[in-house]
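Here's the structure we're looking at; comments come further down.
The values are calculated or read from the model by the stated rules, or taken from the named source; none is laboratory data. Computed from a predicted structure; not experimentally measured. Cβ: placed from backbone, ideal geometry, glycine included. Neighbour counts: every protein chain shown. All accessible areas refer to the heavy atoms of the entire protein, side chains included, with ligands and DNA or RNA removed. Shrake-Rupley method; radii C 1.70, N 1.55, O 1.52, S 1.80 Å.
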Amino acid sequence: MGTVDARDDWHRAAGVWAFDTLNANAWATAVDYLRSSTADFAVVQETKVHARDGAASEATARGAKWAASLEPANLGPGGGASAGVAVCARGHIGMSMPVAAGQVAAAAHGRFALRRVGAVCRGGIHLGAVYLHDSIGASAKANLDLLEAVAAVLRGLTGFWVLGGDFNCTPAQLTATGFLALAGAAVIRAAGTPTANRREIDYFVVSAGLAQAAVA
């Protein structure tokens, strides 16, 4: 199965959970998308929200009946907001900050967020968002440092996890970095269709224990 329309609620009748990943390029665009999505969870890249605006931005998501937890954007060379990511869940689903989220290396700041959501399986799962640096390649030092920092957190988790993101590289290129082994027997779940510039660079990586449960 490839991609489905954001408004398609087929998963509800099928009795499965749906996850979205999107590069919104701005938080306002992300909230507009959440209003139309039927997914249960969503991870967002390029929110471009400063730390000072985090609470207000999360409040706009609540107005759309979503709970959102934002990782503040970094400061770009000109002083503007750069990157920023968010983890979102339906408003009735509990979401908390795991201890591991406070142990992220500096290389991942503003580009990786991890939260625990109280759904999907007994004890819940960890849900993460990641946004790799663009235009430099997956094997560039900045991206390798970022992936190593993310893998260190994921490998230390107890239980299942799902990581969605704009990887700015194809599944094959991500595999070549060694990230899957570093993260601990992780498995890529992708639609097999281009998502940007004729390449598939937006997809999910799941812990190996969830591989057989990820049906599409």
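Ordering 142, 99, 83 by Cα displacement along the dipole of the range 1-154 toward the positive end leaves 99 in first place; charges were set at the Cβ atoms of Lys, Arg (+1) and Asp, Glu (-1).
Between the residues 162, 124, 17, the greatest Cα displacement towards the positive end of the dipole of the chain, with unit charges on the Cβ of Lys, Arg, Asp and Glu, is found for 124. Using the rule -39500 (n - 2.57) for each DSSP H run of four or more residues, divided by the residues of the chain, the 222 nm mean residue ellipticity is -6500 deg cm²/dmol.
Determine, from the Cβ-Cβ distance of residue 196 and residue 36 and an R0 of 25 Å, the FRET efficiency 1/(1 + (r/R0)^6), rounded to the nearest 0.05. That gives a FRET efficiency of 0.80.
Of the residues 122, 155, 12, the one that moves most in a GNM of the chain with alpha-carbon contacts below 10 Å is 122. Annotation: amide H of residue 71 within the under-5 Å range of 85, 86, 87, sequence separation 5 or more or interchain, hydrogens built in the peptide plane. Give the average over all directions of the projected area of the C-alpha convex hull of the range 30-114, one decimal, in nm². Projected area, direction-averaged: 5.7 nm². Highest GNM mean-square fluctuation among 79, 192, 110, for the chain modelled with Cα contacts below 10 Å: 79.
Summarising the label geometry, the points placed 7 Å from Cα in the beta-carbon direction at residue 65 and residue 211 lie 3.7 nm from one another. Mind pulling up the Rg/Rh value for the range 28-78? Radius of gyration and Kirkwood radius, both on Cα. Rg divided by Rh gives 0.98. Note on the range 124-170: with neighbouring protein chains present and a 1.4 Å probe, carbon and sulfur make up 51 percent of its accessible heavy-atom surface.
Per residue, the convex hull spanned by the Cα atoms of the range 72-155 amounts to 114 cubic angstrom. Taken about its Cα centre, the range 1-133 carries a charge dipole of about 320 debye when Lys and Arg each add +1 at the Cβ and Asp and Glu each add -1 at the Cβ.
Between the listed residues 173, 41, 27, the Cα displaced farthest toward the positive end of the dipole of the chain, a dipole computed from Cβ unit charges relative to the Cα centre, is found at 41. Here the Karplus curve 6.51 cos²θ - 1.76 cosθ + 1.60, taken at θ = phi - 60°, turns the phi angles of the range 187-192 into couplings of 10, 7, 10, 10, 7, x Hz, with x standing for Gly and Pro.
The alpha-carbon atoms of the range 136-216 define a convex hull whose volume equals 78 cubic angstrom per residue.
The charge dipole of the range 104-216, taken about its Cα centre with unit charges on the Cβ of Lys, Arg, Asp and Glu (plus for the first two, minus for the last two), comes to roughly 260 debye. Per residue, the convex hull spanned by the Cα atoms of the chain measures out at 118 cubic angstrom.
The slack between residue 103 and residue 187, meaning 0.36 nm per residue of separation minus the straight C-alpha distance, is 27.9 nm.
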